[in-house]
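Student: One structure, as structure tokens, below. Some questions next.
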Amino acid sequence: MPDISTAVRRRIEKIDILLWLYGNACFWCSTEMVFNPKRPPFQKTGTRSDLSCTVDELRPRALGGRRVLSNQVLACHQCNNRRGSRMAPAEAVAGHLVLLECHDLLRMETVEYQRRAMRNAALGDKRSAQA
């Protein structure tokens with residue numbers, strides 16, 4: 001098995017959680033999607049059918065959204081393209097957050113964020129000591 005980076009591994013873990021929460025259904029239209037594990041939803045290469053699985057941000061990165069579980073859902077290619085860079089309706093965001101909270105997944109995201117912040121702070125201290 002090829003060695004994959006930590007960032008890719010984290011994205012795959014998020015996708016696994018979203019698949020577990022929502023199944024293969026599109027968050028927006030509830031249509032059953034085609035999920036190909038050999039071509040993960042975050043991969044930009046290749047052609048897609050309208051029913052292929054993609055990762056959609058509730059608050060798009062273009063509007064300041066982050067790549068975190070609380071901001072991501074699985075959507076069919078057609079719905080993801082239709083939404084473009086628009087904010088998701090507040091009801092959809094609230095429903096997603098409630099589902100994550102019910103399964104105690106928001107805590108995991110916070111712990112991951114805290115770990116990353118601590119690691120970056122430690123790297124910053126080492127860099128300033130070397131300068």
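Where a number appears in this text, it was derived from the coordinates with a stated rule and is not lab data. What you see is a predicted model; the values in this text were computed from it and never measured. All Cβ positions, even for glycine, are placed from backbone atoms using ideal geometry, and neighbour counts span all protein chains on display.
Student: Using θ = phi - 60° and the Karplus curve 6.51 cos²θ - 1.76 cosθ + 1.60, what whole-Hz ³J(HN,Hα) does each residue of region 84-101 get, with Gly and Pro shown as x?
Tutor: For region 84-101, the Karplus-derived couplings read x, 9, 9, 5, 6, x, 4, 5, 5, 4, 4, x, 5, 5, 5, 5, 5, 5 Hz, x marking Gly and Pro.
Student: What distance in nm separates the simple spin-label points at ALA121 and ARG61, each placed 7 Å from Cα in the Cβ direction?
Tutor: For the pair ALA121/ARG61, the computed spacing is 2.7 nm.
Student: Along region 17-23, what does the Karplus equation 6.51 cos²θ - 1.76 cosθ + 1.60 (θ = phi - 60°) give for ³J(HN,Hα), rounded to whole Hz, x for Gly and Pro?
Tutor: With the stated coefficients, region 17-23 comes to 5, 5, 5, 5, 6, 10, x Hz.
Student: Ok, one more. Given H placed 1.01 Å from N in the peptide plane, which residues other than close sequence neighbours of CYS53 have an amide H under 5 Å from its amide H?
Tutor: Close amide H contacts, sequence-distant or interchain: VAL34, ASN36.
Student: Enumerate the amide H contacts of THR31 below 5 Å, restricted to partners 5 or more residues apart or on another chain; note that Pro and chain-start residues carry no placed amide H.
Tutor: CYS26
Student: Out of residues 5 or more away from LEU58 or on other chains, whose amide H comes under 5 Å of its own, with H placed 1.01 Å from N in the peptide plane?
Tutor: GLN72, VAL73
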